[in-house]
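Note sheet for the following structure.
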Amino acid sequence: MRYLYQIAQLLPMSKKNQTLGEFIIENQAYFKYTSGELSRLINSIRLAAKVVNHEVNKAGLVDIIGAAGDTNIQGEDQQKLDVYANDKFIQTLTNRNIVCGIASEEEDDFISINSQDDNNQNKYIVLIDPLDGSSNIDVNVSVGTIFSVYRRVTPVGTPVTIEDFLQPGNQQVAAGYVVYGTSTMLVYTTGHGVNGFTLNPAIGTFYLSHPDMQFPENGNIYSVNEGNYIHFPKGVKNYIKYCQMEEGDRPYTSRYIGSLVSDFHRNMIKGGIYMYPKSSKKEEGKLRLLYECNPMAFLAEQANGKASDGFKRILDIQPTELHQRVPFFCGSKNMVLKAEEFMQNTD
Ligand code: AHM
Ligand code: MG
């Protein structure tokens, strides 16, 4: 509570105490197509985030209330949290009848939503990673949800097709993440900057705590799984050596949580670069283009940062598969530029 009060002191008068609900309504005029559909979509994500947050916070009680695979007191099976988060986001978006299609890291294929009432008149599709970094749950470390929103390209009123999902990231109309950390935050963009909202768990309300978030142009944090160093391409190895060299503002600090949302969030606030390069073990890298890299790249660019696969802009990659992987370099503009320079000048 004191944290929220301190944040409120830093905000301009007009922003003080503004809730996410109020912010969505106030900013609806900015949306290209103002039917209110996108506002309702963001509102549904807000709702699902609160439900998932409640469950994530209980994860430490697993020994007391039962682990995944057990049956709880009501006779219901306990679910793994990533499956639970997947169900909640899909249920919320489906039941409220606001999207025509969903793709998720947890589902092999996309889901086409047929609304009986209005013959599927919805325009938006959502791609989601419901619980990213889920290996961190067992050890009480931050995890996140990532989402990406597009307008469908096939005609309204027909079932969605793979074409609706395989759009380049530069076509996104909204993207964001929820970080379930020391505080739970929802951070999103609709193409007009990036704003962050902190959940007050006592009353279940998100408040605007981080208006107009920006990556510092330069940073001094690099985030990469250095355990894979031996398998990295030469350019990445050389860039890591550059980060560690004693010169100017270097050596940089190394910080790697192993949870993309949390590493990105910290780097956006403090200035840094996140890297998941390809390696001789993982030829395409690890992260998924459609629901991990594209939404983070959209947020990064909206926050004056940069996102690249080491050679070209993430948002311009034409996807060919739903669960496609790409190498990912994302963060403070000058740091990503420098990493690209090392990639390009090394054979
Ligand atoms: P996940 O979708 O299976 O959770 O994997 C994605 C996560 C990212 O959040 C994180 O940055 C990365 O995988 C960590 O991978 P590694 O353990 O190989 O460093
Ligand atoms: Mg993931």
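Measure off, as a whole percent, the carbon and sulfur share of the 1.4 Å-probe accessible area of the chain, all protein chains present.
Values: 7540 of 15890 Å².
After summing per-atom areas, the C and S share lands at 47 percent.
In this simple spin-label model, placing a label point 7 Å from the Cα along the Cα-to-Cβ direction at both ASN170 and LYS281 gives a separation of 3.5 nm. Report note on the peptides 80-89, 151-160: ranked by the mean count of other C-beta atoms within 10 Å, highest first, their order is 80-89, 151-160. Taking amide H as placed 1.01 Å from N in the peptide plane, the amide H of GLY310 sits under 5 Å from that of PHE329, each at least 5 places away or on another chain.
Can you give the relative contact order of segment 221-344 as a percent, counting alpha carbon pairs under 8 Å and 6+ residues apart? Let's see the in-between values first.
Working: 211 pairs, mean separation 37.1, N = 124.
The normalised contact order for segment 221-344 reaches 30 percent.
Rolling a 1.4 angstrom probe over the protein heavy atoms, how many square angstrom per residue are accessible across the chain? If you can, show how the numbers build up before the last one.
Numbers: 15890 Å² over 347 residues.
Dividing the accessible area of the chain by its residue count gives 46 Å².
Computed over the chain, relative contact order equals 15 percent, with contacts defined as Cα pairs under 8 Å that lie 6+ residues apart. For the chain, the 222 nm mean residue ellipticity estimated from helices alone, with every DSSP H stretch of n ≥ 4 adding -39500 (n - 2.57) and the total spread over all residues, rounds to -9000 deg cm²/dmol.
Using the Cα centre of the chain as the reference point, and only Cβ charges (+1 on K/R, -1 on D/E), how large is the resulting charge dipole? Debye, rounded to the nearest 20. Intermediate values should be presented prior to the final figure.
Values: 32 positive and 39 negative charges, 208 e Å.
Here the chain has a charge dipole of around 1000 debye.
Angle of helix 81-95 to the longest C-alpha principal axis of the chain, folded into 0 to 90 degrees and rounded to 10: 50°.
Relative to the compact-globule estimate of 2.2 N^0.38 Å, the Cα radius of gyration of segment 141-270 comes out at 1.33. Subtracting the Cα-Cα distance of TYR256 and LEU337 from 0.36 nm times their residue separation leaves 27.1 nm of extension gain.
Computed over the chain, the P(r) tail beyond 29 angstrom holds 40 percent of alpha carbon pairs. For a label point 7 angstrom out from the Cα of GLU107 toward its Cβ, which stretches of segment 119-158 have the backbone nitrogen within less than 13 Å? In segment 119-158, the label zone of GLU107 (backbone N under 13 Å from the point 7 Å along Cα→Cβ) covers 125-130. Semi-axis lengths, largest first, of the ellipsoid equivalent to segment 221-344 are 21, 17, 13 Å, with √(5λ) applied to each eigenvalue of the Cα gyration tensor.
Among the protein heavy atoms, those of HIS231 account for about 50 Å² of accessible surface (1.4 Å probe, every chain in place). Taken over the alpha carbons of segment 209-270 as equal point scatterers, the Debye sum produces base-10 log I(q)/I(0) values at 0.19, 0.25, 0.28 Å⁻¹ of -0.81, -1.15, -1.25.
The values are calculated or read from the model by the stated rules, or taken from the named source; none is laboratory data. What you see is a predicted model; the values in this text were computed from it and never measured. With ideal geometry, Cβ positions are generated from the backbone for all residues, glycine too; neighbour counts draw on all protein chains shown. Only protein heavy atoms, including side chains, enter the accessible area calculation; ligands, DNA and RNA are left aside. Shrake-Rupley method; radii C 1.70, N 1.55, O 1.52, S 1.80 Å.
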